[in-house]
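See below for the structure under consideration.
The values are calculated or read from the model by the stated rules, or taken from the named source; none is laboratory data. If you're wondering where the values come from, they're calculated on a predicted model, not measured in any experiment. Note: ideal-geometry Cβ built from the backbone for every residue, glycine included; neighbour counts use all protein chains shown. Only protein heavy atoms, including side chains, enter the accessible area calculation; ligands, DNA and RNA are left aside. Shrake-Rupley method; radii C 1.70, N 1.55, O 1.52, S 1.80 Å.
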Amino acid sequence: MRTLESYSTNEMFKPDFATNKDELQRAKDQRISVAQKFEELSKPFTDINFPNVKFLATWHGTKAEVVDNITCNGYANLAKTDHGFYGKGIYTAFEASYCHAYSDNTLILNWLEMFSAYPVIPGDKKKLEGKGNFSNYDAHFVPVNKNGDVQPIGKDEFHEIVVFQNAACLPRYRVTVVPQFSEGISSSIRGDPTQIAQRSLELFEELQTLEESQAPKSDERDIYQERMEQILNRLDEQDSSF
């Protein structure tokens, strides 16, 4: 984190998308909107000791059989799902429901850290696909629709973040979505595993909202971790379909 913080005083790492002379003003305006969305999502996680480092709590959909390897060794940049439409890196997303489509009902909640995310807009796929980080950016921020196609702000439904070093993505919690019948589930969705699983994801996104409002500072992480574990235990005791 100290290394990333030091980038703020180094001109080599200064974002230049807003002043790029090779792009039309319309494209610049779109990038500015995407960058503003990224700032909006990351701001609640700001650490006062590292104000220029961007943190996000994001989700990754995976298979249960590989979770132990991920939590022990970190993520590997293998590009097995595809060769990386918006860069050959480690993909997570801000929304759990989006990542669920890439899982066997196994999700991981992660901490991401980065200095500067490249704001991706429609038309960028050709220059990013299958490649590493673009220019001097250490991440890519990609607003997408449900099909994973990049969208301008206003038409975006979900938000992918691509990082390129496994140290930038720390696995934090494993979440297994298990459809169950519960007294807390309305009769309108009782018996439909898909909708029950979706309710689980909605509840965990509420938990993620709590995480945003109580973003840990360096001297509060132990207290914060204990509080999060208490919330997870309480939800489990209430049989909320996890």
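Determine, yes or no, whether Lys54 is of a type outside the set (S, T, N, Q) and more than 16 Å from the chain's Cα centre (by Cα). It would help to see each step written out before you state the result.
Numbers: of a type outside the set (S, T, N, Q): yes; more than 16 Å from the chain's Cα centre (by Cα): no.
No; evaluated as a whole, the condition is false for this residue.
Among the numbered criteria (1) among the hydrophobic types (A, V, I, L, M, F, W, C); (2) under 26 Å from Asp156 (Cβ atoms); (3) modelled with pLDDT under 95, which single criterion is violated by Val120?
Result: Val120 passes all but (3).
Take the conditions within 22 Å of Tyr91 (Cα to Cα), at pLDDT 60 or above and not in a loop (DSSP other than H, G, I, E, B) and apply them to Pro152. Does it pass? Explain how you work it out, then say what you get.
Numbers: within 22 Å of Tyr91 (Cα to Cα): yes; at pLDDT 60 or above: yes; not in a loop (DSSP other than H, G, I, E, B): no.
The answer is no for Pro152.
Taking the residues in the range 77-94 that are farther than 11 Å from Val163 by Cα and open to solvent by 10 Å² or more (accessible area, probe 1.4 Å) as candidates, determine which candidate is modelled with the lowest pLDDT.
Across the range 77-94, the extreme among qualifying residues is Ala79.
With the condition kept exactly as written, say whether any residue in the range 52-61 is closer than 20 Å to Phe13 by Cβ and either surrounded by fewer than 17 Cβ atoms within 10 Å (Cβ to Cβ) or of a type in the set (S, T, N, Q) (or both). Before the answer, list the steps.
Let us first name the residues in the range 52-61 that are closer than 20 Å to Phe13 by Cβ, namely 52-56.
Those still in the list that are either surrounded by fewer than 17 Cβ atoms within 10 Å (Cβ to Cβ) or of a type in the set (S, T, N, Q) (or both) too: 52.
Looking through the range 52-61, at least one residue is closer than 20 Å to Phe13 by Cβ and either surrounded by fewer than 17 Cβ atoms within 10 Å (Cβ to Cβ) or of a type in the set (S, T, N, Q) (or both).
Does Lys126 satisfy the criteria of being part of a loop (DSSP other than H, G, I, E, B), surrounded by fewer than 19 Cβ atoms within 10 Å (Cβ to Cβ) and of a type outside the set (Asp, Glu)? It would help to see each step written out before you state the result.
Working: part of a loop (DSSP other than H, G, I, E, B): no; surrounded by fewer than 19 Cβ atoms within 10 Å (Cβ to Cβ): yes; of a type outside the set (Asp, Glu): yes.
For Lys126, the condition - part of a loop (DSSP other than H, G, I, E, B), surrounded by fewer than 19 Cβ atoms within 10 Å (Cβ to Cβ) and of a type outside the set (Asp, Glu) - is not met.
Check whether at least one residue in the range 137-146 is open to solvent by 60 Å² or more (accessible area, probe 1.4 Å), over 18 Å from Cys169 (Cβ atoms), within 16 Å of the chain's Cα centre (by Cα) and not acidic (Asp, Glu), and report yes or no. Walk me through how you get there before you give the answer.
At the first step, the residues of the range 137-146 found to be open to solvent by 60 Å² or more (accessible area, probe 1.4 Å) are 146.
Next cut, over 18 Å from Cys169 (Cβ atoms) only: 146.
Checking which are within 16 Å of the chain's Cα centre (by Cα) leaves us with 146.
Cutting the leftovers down to not acidic (Asp, Glu) gives us 146.
Yes.
Can you pull out the residues in the range 114-123 that are open to solvent by 40 Å² or more (accessible area, probe 1.4 Å) and either in contact with an Asp or Glu (Cβ under 9 Å, 6 or more places away or on another chain) or without any contact (Cβ under 8 Å) to a residue 12 or more places away in the chain (or both)? Can you show your working first?
Taking the range 114-123 as the starting set, the residues that turn out to be open to solvent by 40 Å² or more (accessible area, probe 1.4 Å) are 122-123.
Passing the criteria: only Pro122.
May I ask you to verify whether Asn105 is at positive phi and either open to solvent by less than 50 Å² (accessible area, probe 1.4 Å) or touching a residue at least 40 places away in the same chain (Cβ under 8 Å) (or both)? Can you show your working first?
Details: at positive phi: yes; either open to solvent by less than 50 Å² (accessible area, probe 1.4 Å) or touching a residue at least 40 places away in the same chain (Cβ under 8 Å) (or both): yes.
So Asn105 fits the description; yes.
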